[in-house]
Amino acid sequence: MSAGGASGFSRRVGHVTYDLVRTPSRPCPARGYRCEEPLYPPRTSDGPAVLTDLSPLIAATARWLTVAYPPCGGALASALCEAQARQAVTVAAWLRYPTAIDAGLVTMAGPGGAARLDWIAGAERAGEHPAEDWAWRTWVDEVVASWAAALLTDPELAELAVAALAGSEHAATPTEFRRLLTPDDGDRGAAALLRHPDLLWPVAELHHDQLVDRLAPGETLAA
């Protein structure tokens, strides 16, 4: 299949056949900026499908945090810092979009991008670089970044957030959040900037009250 320069192929999952479209110009935060798989809804034999995978949003938002608050050290520190950012962002994203419907809606509408976060954190503006260097920032979710920043700087809040995921649709996927909840000295050293309360507060405070309300006793997970 080919349309407008895009190539594609079919894949059958269960009783549904997916016609997947590849577009080489689509930004993909998980793989730099060129994407081998579609980041927009493919078509199925039953009509348009809605993607419910939050991976692009999580990858871009975690990347923004590690760019704005870089690791302290070499390659190992970079990996440890990225792991902590990704775990915090995953918890925040699952809280923000607790159901497949929520995830599908944000995938269709778009998460909003990093424009205000860049301004608050003093990061370089998107227009200062070629489009392929900053296009991944369009997948950054401001609320998720704010919640992740709060979780990284408040251990008690992080514990409540992980506990709140129990029983949610995402709880069906076994996930370990040790580096977020109980970081060791190596984790803390690598993410000294990423976990610095004063540095992250301008981002964390953006939607802090909303996070606290979400974690209040008796609050149901529904975006």
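Within the option set 103, 49, being over 15 Å from residue 162 (Cβ atoms), small (Gly, Ala, Ser), touching a strand residue (DSSP E or B) at 6+ places or on another chain (Cβ under 9 Å) and at pLDDT below 95 holds for one residue only, 49.
Screening residue 34 on (1) over 20 Å from residue 87 (Cβ atoms); (2) modelled with pLDDT of 50 or more shows it passes everything except condition (2).
For (1) small (Gly, Ala, Ser); (2) crowded, with 18+ Cβ neighbours inside 10 Å; (3) modelled with pLDDT of 95 or more, each residue gets a yes or a no:
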residue	(1), (2), (3)
147	no, yes, yes
150	yes, yes, yes
156	no, no, yes
159	no, no, yes
167	yes, no, no
171	yes, no, no
176	no, no, no
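Kindly establish whether residue 198 is within 19 Å of residue 83 (Cβ to Cβ), more than 16 Å from the chain's Cα centre (by Cα), surrounded by fewer than 20 Cβ atoms within 10 Å (Cβ to Cβ) and not hydrophobic (A, V, I, L, M, F, W, C). No: the conditions fail for residue 198.
The condition of being among the polar types (S, T, N, Q), crowded, with 23+ Cβ neighbours inside 10 Å and either in the same structural domain as residue 168 (by TED's automatic domain parsing) or not in a helix (DSSP H, G or I) (or both) holds for only one of 107, 61, 66, that being 61.
Per-residue answers, yes or no, for (1) small (Gly, Ala, Ser); (2) more than 17 Å from residue 62 (Cβ to Cβ); (3) touching a residue at least 40 places away in the same chain (Cβ under 8 Å):
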| site | (1), (2), (3) |
| --- | --- |
| 113 | yes, no, no |
| 134 | no, no, no |
| 144 | no, no, yes |
| 161 | yes, no, yes |
| 168 | yes, yes, yes |
| 177 | no, no, yes |
| 180 | no, no, yes |
| 185 | no, yes, no |
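So is residue 121 under 18 Å from the mean Cα position of the chain (by Cα), modelled with pLDDT of 90 or more and surrounded by 17 or more Cβ atoms within 10 Å (Cβ to Cβ) or not? So residue 121 does not fit the description; no. Of all the criteria given as (1) at pLDDT 95 or above; (2) in contact with a helix residue (DSSP H, G or I) (Cβ under 7 Å, 6 or more places away or on another chain), the one not satisfied by residue 114 is (1).
The values are calculated or read from the model by the stated rules, or taken from the named source; none is laboratory data. Model, not experiment: these values are computed from the prediction. Note that we place each Cβ from the backbone using ideal geometry, even for glycine, and neighbour counts take in every protein chain shown.
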